[in-house]
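Working notes, beginning with the structure itself.
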Amino acid sequence: MVHIEAPARIQSLFRYPIKGLNGEVLQSAHVEAGGGLPLDRTYAIAHGVTQFDPQAPVYLQKIHFLALMTHPRLAELHVSFRESDHEIRVARRDVPEFVTSLTTEQGRAEFATYLDEFIGSEAKGRPRVVAAHNHMFTDIRDRCLSVQNLASIAALGAQAGLKLDPLRFRANVYLTGLAPWVERTWEKGAVFSLGEVRLRVLKPISRCNAINVDLDTARIDSNLPLLLRERFEGNYMGVYAQVIDGGTVHEEAVVTVPTPGESIA
């Protein structure tokens, strides 16, 4: 009997409307060339000392914002996001649900007050909820998708002695059916496809302390970047990829892995 190996596929899609907070699962989404998932990282929570002009937005490193790598307690917040009016509902154990809309200055100020009371002295000044037209608060300068191989997460978890929740890695696209660590062979410029959407690899994702946070307890339970460096020759997990031919990306779409020698500078 001939064994036919199943192709790699997209297992799940996620976007993160508010940088640093939990994501939401998508069944499908349309992406444009040079763009990311709609509403991904549309908002961010800036430190009070962070300088950000919504009329002239520029890329800022994640240290300018509240994030899990420095504020693991953010995992205690469970945020639902309504696309039609950007209403958010924030749930937290033993605390009444907080509801507001981020489309208004008043709503963003209310959420900032909520966060200020929650984070307190951990923030650098009073937090501000920031956004700008057609701006994404990505961790690199390019608008992109973050892509993660689930087999690599399982392999890392086995080394750490933990069952790792893939959402620790805050990827947009989670792939199944690949060998562990195969994405580390994908060179800059390498071309691959997610169904009808064609992308090129920008760079590997260098992992910070955010992946050390247990999302169920909001506590640090490991040092995974150190483990990656010691046992896997570098703290890289997944890749950033730029869309070069847009279309609809969806769960179960077949993945065409990068072709050796085919690249776009």
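The values are calculated or read from the model by the stated rules, or taken from the named source; none is laboratory data. It should be emphasised that the depicted structure is a prediction, and the values quoted were computed from it without experimental measurement. All Cβ positions, even for glycine, are placed from backbone atoms using ideal geometry, and neighbour counts span all protein chains on display.
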So, first residue under 14 Å from TYR114 (Cα atoms) and free of Cβ contacts under 8 Å to residues at least 60 places away in the same chain in segment 62-85, second residue surrounded by fewer than 19 Cβ atoms within 10 Å (Cβ to Cβ) and small (Gly, Ala, Ser), Cβ within less than 6 Å, six or more apart or across chains; the pairs are HIS78/ALA91
The residue from ILE45, ILE10 that alone is surrounded by 21 or more Cβ atoms within 10 Å (Cβ to Cβ), at pLDDT 95 or above and under 23 Å from LEU115 (Cα atoms) is ILE45
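Sort through GLN27, GLN11 and tell me the only one that's of a type in the set (S, T, N, Q), in contact (Cβ under 8 Å) with a residue 12 or more places away in the chain and within 16 Å of PHE169 (Cα to Cα). Walk me through it before giving the result.
Working: GLN27 fails: within 16 Å of PHE169 (Cα to Cα).
Among GLN27, GLN11, only GLN11 is of a type in the set (S, T, N, Q), in contact (Cβ under 8 Å) with a residue 12 or more places away in the chain and within 16 Å of PHE169 (Cα to Cα).
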Can you tell me which residue within segment 7-37, out of those that are assigned to a loop (DSSP other than H, G, I, E, B) and among the polar types (S, T, N, Q), is farthest from the chain's Cα centre (by Cα)? GLN27
What single numbered condition from (1) part of a helix (DSSP H, G or I); (2) over 18 Å from ARG15 (Cα atoms); (3) among the small types (Gly, Ala, Ser) fails to hold for ALA75? (2)
For ALA158, the lone unmet condition from (1) assigned to a strand (DSSP E or B); (2) of a type in the set (A, V, I, L, M); (3) more than 22 Å from the chain's Cα centre (by Cα) is (1)
Hey, could you check segment 38-53 for residues that are in a loop (DSSP other than H, G, I, E, B) and among the hydrophobic types (A, V, I, L, M, F, W, C) and say which is farthest from the chain's Cα centre (by Cα)? VAL49
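For every residue, the table says whether it meets (1) farther than 23 Å from SER146 by Cβ; (2) touching a helix residue (DSSP H, G or I) at 6+ places or on another chain (Cβ under 9 Å).
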{"position": "LEU39", "(1), (2)": "no, no"}
{"position": "GLN55", "(1), (2)": "yes, no"}
{"position": "HIS64", "(1), (2)": "no, no"}
{"position": "ALA67", "(1), (2)": "no, yes"}
{"position": "PRO72", "(1), (2)": "no, yes"}
{"position": "GLU76", "(1), (2)": "yes, yes"}
{"position": "VAL79", "(1), (2)": "no, no"}
{"position": "SER84", "(1), (2)": "yes, no"}
{"position": "VAL90", "(1), (2)": "yes, yes"}
Restricting to segment 223-257, name every residue that is surrounded by fewer than 19 Cβ atoms within 10 Å (Cβ to Cβ), small (Gly, Ala, Ser) and at positive phi. GLY234, GLY247
The conditions are (1) in contact with an Asp or Glu (Cβ under 7 Å, 6 or more places away or on another chain); (2) part of a loop (DSSP other than H, G, I, E, B); (3) at negative phi, and ALA56 fails exactly one of them. Which is it? (1)
